[in-house]
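Visitor: Can you read through this structure? Questions will come right after.
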Amino acid sequence: METSGFRYLDGQLHCDGMPVSEIADEYGTPLFLYSKETLLRRLAAFREAFSDHDPLICFSVKSLANISILRMMAGAGCGFDIVSGGELYRVLQAGGQPSKTVFAGVGKSRPEIEFALRHNVHMFNVESESEMRLIRRVADELGCRADVAIRVNPDVDAQTHEKTTTGKKENKFGIDIGSARRLAIETKEFSSVVLRGLHVHLGSPIYDTTPYERGLAKIAEFRGQLAEEGIEIDTVNLGGGYCMSYTGEQVPGPASYAEAMAPGLNEMGTDLILEPGRHVAAPAGVFIVRTLHRKTTGDGKTFVIADGAMNDLLRPALYGAFHRIWPAYSSDGMPEVVRPDDDNPGGGDTEKVDIVGPVCESSDCMAKDRAIPRVNEGDLLAIFDTGAYGYTMSSNYNGRPRAAEVLVGANGPVLIARRETYNDLVVREELTAI
Ligand code: LLP
């Protein structure tokens with residue numbers, strides 16, 4: 001399976017050769033567990049697919065942001081895609097290079113812009129005229145030069161979940177081509193801001209290569225129009241959105257995207273930036289939870305109540321996202337493909353349950369009517385493909401300390417974020433009488 005760092009051996013799930021149950025016993029649950037080998041292998045495969053274009057790969061920090069992992073990605077040659085001053089801080093802490101870091105986001109504040117300019121980030125992906133003016137003012141004040149790309153909203157439908165689509169005209173992201181053209185011409189007058197790039201990010205995940213081709217075609221045409229105005233664009237950034245398979249079914253891999261984009265890229269011959277997050281990180285992480293209770297209603301519906309919840313893994317509650325879930329002990333292993341509507345994946349003994357967490361919300365449900373082998377109190381469950389947008393979207397809702405993060409490398413598991421304590425929940429607060 002795509003999550004091949006995670007395999008069933010002798011009836012139990014292993015991460016890079018280590019039994020997950022041993023790691024869970026040592027570090028406790030709920031636990032985000034990552035496979036270093038999988039992360040690096042997927043990154044290498046992504047890079048290889050685009051090797052003809054020698055891209056700068058800016059790993060998307062919002063997908064998986066632990067500083068040990070960012071350090072590893074930087075060591076593997078990555079730059080970073082950031083969306084806030086906080087993410088830049090993470091990159092710096094991790095020893096990543098600001099000169100390989102691109103800064104996107106519709107709402108960059110003055111302090112964030114100043115922070116990024118002082119550290120000389122590679123490029124700002126500018127998302128409005130107002131932001132361009134602010135970057136110019138701050139750069140003038142600091143007496144430095146800002147290299148920028150315009151994030152274009154190409155009005156391409158990437159057919160993603162409505163909450164994760166970004167490249168349609170009704171979305172808040174980017175600048176429509178007509179306005180971008182006016183802004184580009186205006187920017188020529190600025191000495192402290194140099195327009196070098198065009199950026200597009202269409203949404204996430206995108207299961208088809210066509211939206212990229214369309215986005216690229218619009219960028220290429222726009223670049224031609226700018227050239228007529230004497231504006232030379234030397235960098236094209238195609239963003240992220242490259243899919244992976246949450247069900248285990250076959251989906252387009254990096255080679256398909258690269259092949260679809262090759263003609264457009266070859267014709268332009270610019271420098272290329274890509275910002276993958278999910279494709280690299282999701283299959284490299286598993287969220288491990290322990291069953292606290294089983295509860296069967298009078299109607300015969302069974303809830304498996306786990307110690308992990310929507311505060312740890314928000315995707316199912318927020319998007320209705322599907323993640324494969326299977327017990328960590330399973331004599332027959334796990335079927336490669338599990339679809340949302342599968343009544344009996346793998347064909348073995350299963351029961352239909354709702355897998356829920358302790359949070360006081362009915363939406364705290366990680367899987368509904370899901371057929372899995374029977375689990376009892378104390379049994380471990382693995383929630384797959386949670387390396388991206390898992391821990392980074394977690395919160396303390398319901399007074400729940402954030403989970404631990406463990407990375408398995410060649411020398412076994414390493415704790416890369418300790419589990420939060422109760423004290424962590426209140427440490428920034430003041431106990432004042434007002
Ligand atoms: N570049 C930009 C400008 C982005 O906004 C994003 C993601 C990426 C790159 C990385 O996209 P990826 O390669 O990971 O698809 N929380 C949602 C995903 C939100 C994505 C936001 N932007 C989820 O859990 O599905």
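The values are calculated or read from the model by the stated rules, or taken from the named source; none is laboratory data. Fair warning: this is a prediction, and the values are worked out from it, not measured in the lab. Virtual Cβ from ideal backbone geometry, glycine too; neighbours counted across all protein chains shown. Just the protein is used for accessible areas: all its heavy atoms, side chains included, with ligands, DNA and RNA removed. Shrake-Rupley method; radii C 1.70, N 1.55, O 1.52, S 1.80 Å.
Visitor: Looking at segment 316-367 only, could you name the residues that are among the hydroxyl-bearing types (Ser, Thr, Tyr) and within 16 Å of the ligand (Cβ to nearest atom)?
Guide: Passing the criteria: 319, 363.
Visitor: What number of residues within segment 220-259 satisfy the criterion of being open to solvent by less than 40 Å² (accessible area, probe 1.4 Å), over 14 Å from residue 278 (Cβ atoms) and either away from the ligand (no atom under 16 Å from the Cβ) or touching a Pro at 6+ places or on another chain (Cβ under 7 Å) (or both)?
Guide: 7
Visitor: Something else now. Can you find even one residue in segment 227-239 that is in the same structural domain as residue 413 (by TED's automatic domain parsing) and not in a strand (DSSP E or B)?
Guide: Checking segment 227-239: not a single residue is in the same structural domain as residue 413 (by TED's automatic domain parsing) and not in a strand (DSSP E or B).
Visitor: If you don't mind, there's one more thing I want to ask. Could you list, in sequence order, the residues of segment 25-47 that are acidic (Asp, Glu) and touching a residue at least 12 places away in the same chain (Cβ under 8 Å)?
Guide: 26, 37
Visitor: Quick one: is residue 2 open to solvent by 50 Å² or more (accessible area, probe 1.4 Å), modelled with pLDDT under 95 and not in a strand (DSSP E or B)?
Guide: When the stated conditions are applied, residue 2 passes them.
Visitor: In segment 125-152, what count of residues is obtained for those that are touching a helix residue (DSSP H, G or I) at 6+ places or on another chain (Cβ under 8 Å) and assigned to a loop (DSSP other than H, G, I, E, B)?
Guide: So the count comes out to 2.
Visitor: Could I ask something else about it? So is residue 365 at pLDDT 95 or above and either surrounded by fewer than 16 Cβ atoms within 10 Å (Cβ to Cβ) or closer than 23 Å to residue 17 by Cα (or both) or not?
Guide: No: the conditions fail for residue 365.
Visitor: Tell me which residues, restricted to segment 153-182, are within 19 Å of residue 132 (Cβ to Cβ) and part of a helix (DSSP H, G or I).
Guide: 177, 178, 179, 180, 181, 182
Visitor: Within segment 289-317, how many residues turn out to be within 22 Å of residue 33 (Cα to Cα) and either open to solvent by 10 Å² or more (accessible area, probe 1.4 Å) or assigned to a loop (DSSP other than H, G, I, E, B) (or both)?
Guide: Count: 14.
Visitor: For segment 407-420, what are the residues that are surrounded by 11 or more Cβ atoms within 10 Å (Cβ to Cβ) and at negative phi?
Guide: The answer is 407, 408, 409, 413, 414, 415, 416, 417, 418, 419, 420.
Visitor: Out of (1) among the small types (Gly, Ala, Ser); (2) modelled with pLDDT of 95 or more; (3) closer than 30 Å to residue 337 by Cβ, the odd one out for residue 204 is which?
Guide: Of (1) among the small types (Gly, Ala, Ser); (2) modelled with pLDDT of 95 or more; (3) closer than 30 Å to residue 337 by Cβ, only one is false for residue 204: (2).
Visitor: For segment 156-185, which positions are open to solvent by 30 Å² or more (accessible area, probe 1.4 Å) and of a type in the set (A, V, I, L, M)?
Guide: Listed by number, the residues that qualify are 177, 185.
Visitor: Restricting segment 63-109 to residues that are touching a strand residue (DSSP E or B) at 6+ places or on another chain (Cβ under 8 Å) and of a type in the set (Phe, Trp, Tyr), which is nearest to residue 416 (Cα to Cα)?
Guide: Ranking the candidates gives 80 first.
Visitor: Which numbered condition trips up residue 331, out of (1) open to solvent by 20 Å² or more (accessible area, probe 1.4 Å); (2) outside any helix (DSSP H, G or I); (3) small (Gly, Ala, Ser); (4) farther than 23 Å from residue 19 by Cα?
Guide: Going through the list (1) open to solvent by 20 Å² or more (accessible area, probe 1.4 Å); (2) outside any helix (DSSP H, G or I); (3) small (Gly, Ala, Ser); (4) farther than 23 Å from residue 19 by Cα, residue 331 breaks only (4).
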